[in-house]
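For reference, the structure is listed below as structure tokens.
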There are 2 protein chains.
Amino acid sequence: MENYQHILIAADFSEHGRQVITRAQELAERYQAKLSICHILEDFPIADFAYEPMISIDVDMRDAMLDSGKKHLADIGRKFNIPTENQWVEFGSPSLNLVRLAESNHVDLIVVGSHGRHGIKLLLGSTANGILHHALCDVLAVRLTKE
Amino acid sequence: MENYQHILIAADFSEHGRQVITRAQELAERYQAKLSICHILEDFPIADFAYEPMISIDVDMRDAMLDSGKKHLADIGRKFNIPTENQWVEFGSPSLNLVRLAESNHVDLIVVGSHGRHGIKLLLGSTANGILHHALCDVLAVRLTKE
């Protein structure tokens with residue numbers, strides 16, 4: 001069985017996200033694996049306040065969100081020693097885009113946070129779940145706990 | 001972040017199950033963690049051939065299934081150096097019983113095989129999925145591939 005060589009963090013910038021990054025970094029050190037991080041921005045339509053038909057995120061808002069995502073990842077990258085070229089931010093489906101990124105970059109382990117049995121995410125189908133369904137590599141779901 | 005101290009293998013005795021065990025054992029060595037293995041036998045009712053009401057597995061059949069499961073685990077235990085007291089076989093729900101076993105034995109990482117996007121398991125809700133939903137610890141889904 002091969003050692004993990006490329007570990008990808010699915011970052012969600014939540015308050016507990018540091019647990020996912022810390023575990024992934026620790027595994028990357030143990031395996032001497034390359035460590036990457038990505039954040040997928042959901043391109044969901046937004047209902048306006050007068051209950052008019054849903055409006056999509058406009059170009060300016062997309063750019064602002066991308067910039068903000070990149071800055072977030074850059075901060076994490078500095079703190080956890082992940083180089084800029086291993087930081088990816090894009091719009092799309094959190095699970096599908098992440099799995100596609102993993103495949104095209106020969107990732108062999110995706111590390112993602114899991115909210116477990118609690119919370120609305122369970123009903124909606126969590127990101128961890130979606131990744132598990134679609135990934136062609138191993139997936140480590142780190143159980144998020146209050147710190 | 002603490003190192004993993006007790007790793008539990010969710011064994012399904014499938015033809016690809018060895019990949020799960022190998023990865024779990026390799027992780028246990030890296031973390032110097034205790035390694036356990038369990039197999040949950042599904043207590044499903046069986047339809048008889050004349051489409052009569054479903055009949056449950058009878059006591060003799062349960063005993064035979066338990067014995068067979070224990071023998072399987074004992075074989076694996078010998079091969080992968082997992083002592084008898086860390087081998088568990090029981091009837092129940094593959095995800096719920098496993099998660100309960102994990103909790104009562106302070107397991108901090110469950111390792112389970114994942115069939116990914118293919119196969120009927122995806123439609124039915126896979127064991128990996130159920131474990132992910134319910135576990136209070138980390139879950140590593142090892143992507144099963146043809147060997």
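Remark: pairs (first residue in segment A:72-85, more than 15 Å from A:Leu8 (Cβ to Cβ); second residue surrounded by fewer than 14 Cβ atoms within 10 Å (Cβ to Cβ) and small (Gly, Ala, Ser); Cβ separation under 8 Å; 6+ apart in sequence or on different chains) are absent. Hey, can you tell me all the residues within segment B:129-146 that are more than 7 Å from chain A (Cβ to nearest Cβ) and open to solvent by 10 Å² or more (accessible area, probe 1.4 Å)? Hits for segment B:129-146 are B:Gly130, B:Leu144, B:Thr145, B:Lys146. Every listed requirement among (1) touching a helix residue (DSSP H, G or I) at 6+ places or on another chain (Cβ under 9 Å); (2) open to solvent by less than 30 Å² (accessible area, probe 1.4 Å); (3) modelled with pLDDT of 95 or more is met by A:Gln5 save one, (2). A:Ile7 meets the conditions (1) in a helix (DSSP H, G or I); (2) under 15 Å from A:Asn86 (Cβ atoms) in every case but one. The failed one is (1). Restricting the search to strands (runs of 3 or more DSSP E) fully inside segment A:79-147 and requiring at least 3 residues that are over 12 Å from the mean Cα position of the chain (by Cα) and modelled with pLDDT of 90 or more gives A:138-143.
Taking segment B:12-66 as the range and being β-branched (Val, Ile, Thr), more than 30 Å from A:Tyr4 (Cβ to Cβ) and either open to solvent by less than 90 Å² (accessible area, probe 1.4 Å) or at pLDDT below 75 (or both) as the test, the residues that pass are B:Ile46, B:Ile55, B:Ile57.
The values are calculated or read from the model by the stated rules, or taken from the named source; none is laboratory data. Fair warning: this is a prediction, and the values are worked out from it, not measured in the lab. All Cβ positions, glycine included, derive from the backbone under ideal geometry; neighbour counts span all protein chains shown. Surface accessibility is based on the protein's heavy atoms, side chains included, excluding ligands, DNA and RNA. Shrake-Rupley method; radii C 1.70, N 1.55, O 1.52, S 1.80 Å.
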